[in-house]
Amino acid sequence: MSLYEKVTIAGFGGQGIIMSSKLLAQTAMEGGKEVTLMPSYGAEVRGGTANCMIVIADEPIASPVVAAPSSLIAMNKASLDKFAPKVNAGGMIIVNSSLIDTLPNMDKSIRIIKVPADKIARQLGVARAANMVALGAYLGASGILTPELAASCLEHILAKRYHNTIGINTQALKQGAEHAAAQLAA
C-alpha cells in the first residue's frame with residue numbers, strides 16, 4: 001500500500017506555521033517522497049490565521065488541496081475547532097496543549113497526541129521554537145519521516161541569518177518526537 005498522507009498545520013500568524021510546513025515539505029523531498037505544499041494566511045500575518053496543506057505521497061500527487069486531512073497539527077484552539085471535524089477517521093491530531101485545554105467532539109478513532117509545545121520551547125530557552133516541537137511530535141508519532149532528517153533540512157529552510165538557531169530547532173524537533181513517543185508507549 002503506497003503512502004498518501006494529507007496534513008494540515010494550523011495556528012495564528014507568528015507561530016511559525018508556514019516555516020514548519022516548508023520544513024515538512026523539504027524533509028519529504030529529501031526523504032524521496034512526492035510532496036505538495038499550499039499555504040493560506042491572512043493579510044495581517046502575525047496574529048492572523050495561518051494554515052498550510054501538505055500532501056506527502058509515494059506516487060505523483062494530483063491535487064494539493066486537503067479537504068479531509070489524515071493528520072492535523074493544531075497550534076491554537078481556533079485552529080483545532082476549525083480543522084478537527086475534517087480529520088479522517090483513524091487519523092491523528094497533534095494538539096499544542098500549552099494553548100488548548102479542551103477538545104471538540106470528534107470521531108473516537110482519531111489519535112490525539114497532546115504536546116505542551118510552548119512549554120517545551122520555553123524550557124529550551126526559545127519560545128518561538130514551539131512549531132518545531134509540534135512538528136517533531138508529528139514526525140515521531142507518524143513515523144513517515146524522522147526528526148533527524150528534518151533537522152538536516154533546516155539549513156535549506158532557514159534564512160542564513162537564522163542558521164544560529166539550527167541547534168535549538170534540532171533540540172525542539174527531538175523533544176517533540178520524544179514526547180509523542182512517550183505518549184504512544186503509555
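Filtering the range 98-143 to residues that are within 19 Å of Gly14 (Cβ to Cβ), over 14 Å from the mean Cα position of the chain (by Cα) and assigned to a loop (DSSP other than H, G, I, E, B) leaves Ser98, Leu99, Ile100, Gly125, Val126. Within the range 96-111, if we keep just the residues that are under 19 Å from Ala172 (Cα atoms) and in contact with a Pro (Cβ under 8 Å, 6 or more places away or on another chain), the residue that is surrounded by the most Cβ atoms within 10 Å (Cβ to Cβ) turns out to be Asn96. Hey, does the range 173-186 have a residue that's exposed (fewer than 15 other Cβ atoms within 10 Å of the Cβ), over 27 Å from Gly32 (Cβ atoms), modelled with pLDDT under 95 and not hydrophobic (A, V, I, L, M, F, W, C)? Taking every residue of the range 173-186 in turn, none turns out to be exposed (fewer than 15 other Cβ atoms within 10 Å of the Cβ), over 27 Å from Gly32 (Cβ atoms), modelled with pLDDT under 95 and not hydrophobic (A, V, I, L, M, F, W, C).
Pairing residues of the range 23-41 that are free of Cβ contacts under 8 Å to residues at least 24 places away in the same chain with residues that are assigned to a strand (DSSP E or B), at Cβ distances under 6 Å and at least 6 apart in sequence or on separate chains, gives Met29/Val35; Pro39/Cys52; Ser40/Asn51.
Has the range 139-151 got at least one residue that is β-branched (Val, Ile, Thr), buried (at least 19 other Cβ atoms within 10 Å of the Cβ) and more than 25 Å from Ala78 (Cβ to Cβ)? No, because not a single residue in the range 139-151 is β-branched (Val, Ile, Thr), buried (at least 19 other Cβ atoms within 10 Å of the Cβ) and more than 25 Å from Ala78 (Cβ to Cβ).
Please find, among Glu44, Glu34, the residue that is at pLDDT 95 or above and either of a type in the set (Asp, Glu) or farther than 26 Å from His179 by Cα (or both). Break it down stepwise before answering.
Values: Glu44 fails: at pLDDT 95 or above.
Exactly one of Glu44, Glu34 is at pLDDT 95 or above and either of a type in the set (Asp, Glu) or farther than 26 Å from His179 by Cα (or both), namely Glu34.
Scanning the range 1-20 for residues that are over 13 Å from Leu139 (Cβ atoms) and not in a loop (DSSP other than H, G, I, E, B) gives Tyr4, Lys6, Thr8, Ala10, Gly11, Phe12, Ile17, Ile18, Met19. Taken together, Ile120, Ile61, Ile93 contain a single residue that is under 22 Å from Cys153 (Cβ atoms) and buried (at least 19 other Cβ atoms within 10 Å of the Cβ), which is Ile120. Within the range 65-79, being buried (at least 24 other Cβ atoms within 10 Å of the Cβ), hydrophobic (A, V, I, L, M, F, W, C) and not in a strand (DSSP E or B) holds for one residue alone: Met75.
The values are calculated or read from the model by the stated rules, or taken from the named source; none is laboratory data. The shown structure was predicted, so the numbers you read here are calculated from the model rather than taken from an experiment. Reconstructed Cβ throughout: ideal geometry from the backbone, glycine too, with neighbour counts over all protein chains shown.
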